[in-house]
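Here the structure is laid out as structure tokens; the discussion comes afterwards.
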Amino acid sequence: MSLPQFKLLRPRSVEEAVESLATRVGAGDSPAQVPTPIRIIAGGTDLIPSMRQKIFEPEYVLDLRRVAAIRGIKPQPDGGVEIGAMTTLRAVERSDFLRKHYPVLTEAAATVASPVLRNMGTIGGNICLDTRCLWYNQSLTWRKGCGFCIKKDGDLCHVAPGGTKCWAVFSGDTPPALLCLDAEIEIAGASGTRRLPLRDFYTGLGDNYRKLQPNELLTRVFLPASMADYHGVYRKLRVRGSIDYPLAGVAVVMKRSSNGNSIRHVADARIGITAVNPAPLLVKGASELLAGRLVDEALAEAAGDLAAKSSKPLTTSALTPEYRREMIRLFTKRAVLAAAHV
Ligand SMILES: Cc1cc2nc3c(=O)[nH]c(=O)nc-3n(C[C@H](O)[C@H](O)[C@H](O)COP(=O)(O)OP(=O)(O)OC[C@H]3O[C@@H](n4cnc5c(N)ncnc54)[C@H](O)[C@@H]3O)c2cc1C
Ligand code: SF4
């Protein structure tokens, strides 16, 4: 499948990038506006296949690879860390600082796709990743043959016929880990930069899945010092262990009490899930369930039940929804036990 024609823009700074976006889309365009005349490319590992499938046919492609200011992992004086949006997943996976202080993130990054794709793919691209569906991530001919759907060019949903919502699933691996770590993101646009918690970035809609205007770009990710040194575990279900997107993913972070006893209760914990809803999310009630308790099989199982309740997999992906929900339950149980016994 060939790429559609486009003009490539290669800014050298965030300011230049913002100007390029503002010139092409204006300040007031709605994020639901389809098609946008310009698309941002970072590593291109998700965007390029989608452009080949004619899911996106932008007139301009804005390449961020020359914007050095938003690449790199910078530990902060207060103990937190700043990660540039253009930092590759390989750099995240290999960072000694992140592995020591935020291990759930390096573990999740190491499961994305394959080493070659992680060399190109960035953390910004992983956070902004388009939602996926078996009826959407297909060639134009295939989609045309099925009469299209709400997410692109049509008005019905093949997954939930009769409804008006798109349920395409968010399938990035690092966002559940970042959510557990209370990550904040920085977004730059014509009116300046804004910083928001990552948990407020996703909408829960499959088609209009993120709160990012077409004239904005993600520039940085911040992890707070308060979440450093939590034990972290990431578990992922996929068809081919060497390369596939997650079909269910669970991140768990946990801190245990340090009162000198050999019996150590959970002081704080979070559970994040991905690939089973249109947005990655923190499991509600997980911190309350685990805090102050000793982790045993029964408690880990209860955490698994809670996570399974928060997941609503549909027929957007390979493997059945029932199996994927069951794997969320099982992976959560295993991840909670593993995090408690590190
Ligand atoms: C075979 C294959 C397997 C894969 N397996 C996985 C997997 O297991 N787990 C997983 O998480 N992903 C997987 N991916 C998807 C992809 O490789 C990763 O998600 C990667 O992190 C995407 O980053 P990128 O820099 O390549 O993004 P790009 O492809 O460049 O961009 C992705 C999207 O984000 C937008 N974007 C990128 N950067 C910014 C920014 N700074 N500001 C605003 N918007 C931005 C783009 O416009 C585009 O919509 C797979 C891809 C392939 C082809
Ligand atoms: S969930 Fe429905 S509307 Fe969304 S991409 Fe799939 S088929 Fe299309």
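Bear in mind these aren't lab numbers, they're just calculated from the coordinates by the rules spelled out. Worth saying up front: this structure is predicted, and the values here are computed from it rather than measured. Here the Cβ is made from the backbone with ideal geometry for all residues, glycine too, and neighbour counts use every protein chain on show.
When the Gaussian network model of the chain links Cα atoms closer than 10 Å, the mean-square fluctuations of R324, R118, R194 top out at R194. Normalised by the number of residues in the stretch 267-342, what is the relative contact order in percent for Cα pairs under 8 Å and 6+ residues apart? Here the relative contact order equals 31 percent.
In this structure the amide hydrogen of A267, modeled in the peptide plane, comes within under 5 Å of the amide hydrogens of K255, R256, S257, G292, none closer than 5 places in sequence on its chain. Within the shell of other residues whose beta carbon sits under 15 angstrom from the beta carbon of G192, the net charge comes to -1, with Lys and Arg scored +1 and Asp and Glu -1. Its Cα gyration tensor gives the stretch 27-180 an equivalent ellipsoid, and the semi-axes of that ellipsoid, as √(5λ) in whole Å with the largest first, are 32, 17, 14.
Note on K152: lysines with a C-alpha under 30 Å away, same-chain residues under 8 apart excluded, are K7, K54, K144, K165, K211, K236, K309, K312. For A279, the amide hydrogen comes within under 5 Å of the amide hydrogens of F170, counting only partners 5 or more places away or on other chains and with H modelled in the peptide plane. The charge dipole of the stretch 218-269, taken about its Cα centre with unit charges on the Cβ atoms of Lys, Arg (+1), Asp and Glu (-1) only, comes to about 140 debye.
Divide by every residue of the chain the summed helix terms, -39500 (n - 2.57) for each DSSP H run of at least 4, and state the resulting mean residue ellipticity at 222 nm, rounded to the nearest 500 deg cm²/dmol.
-8000 deg cm²/dmol
A simple rule links phi to the HN-Hα coupling: the Karplus curve 6.51 cos²θ - 1.76 cosθ + 1.60 with θ = phi - 60°, which for the stretch 185-199 gives 10, 10, 10, 10, x, 4, 8, x, 10, 10, 10, 9, x, 4, 5 Hz, with x for Gly and Pro. Put a plus charge on the Cβ of each Lys and Arg, a minus charge on the Cβ of each Asp and Glu, and nothing anywhere else: the dipole of the stretch 174-238 about its Cα centre is then about 220 debye.
Placing +1 on the Cβ of every Lys and Arg and -1 on the Cβ of every Asp and Glu, with nothing else charged, gives the stretch 192-342 a dipole about its Cα centre of roughly 240 debye.
Answer rounded, prolate or oblate for the chain, using the Cα gyration tensor with square roots of eigenvalues a ≥ b ≥ c: rounded when a/c is under 1.5, else prolate when a/b is larger than b/c, else oblate.
It comes out oblate by the Cα gyration axes.
Projecting the Cα atoms of L21, M1, V67 onto the dipole axis of the stretch 1-133, where Lys and Arg carry +1 and Asp and Glu carry -1 at the beta carbon, places M1 farthest toward the positive end. For the residues T36, T106, T193, a GNM of the chain with alpha-carbon springs under 10 Å puts the largest fluctuation on T193. Could you pull out every residue, at least 5 positions away or on a different chain, whose amide H is within less than 5 Å of the one on R220? Hs are placed 1.01 Å off N in the peptide plane, and Pro or chain starts have none. Long-range HN contacts for R220: A85, E186. Within the shell defined by Cβ-Cβ distances under 12 Å, the residues around A318 carry a net charge of +3, with Lys and Arg each +1 and Asp and Glu each -1. Counting neighbouring beta carbons within 10 Å and listing from fewest to most, the residues I150, I48, I55, I328 come out as I48, I55, I150, I328. Comparing A17, A307, A318 in a Gaussian network model of the chain, where Cα atoms under 10 Å apart are tied by springs, the biggest mean-square fluctuation is seen for A318.
As a proxy for reagent exposure, ranking W142, W135 by other Cβ atoms within 10 Å from fewest up yields W142, W135.
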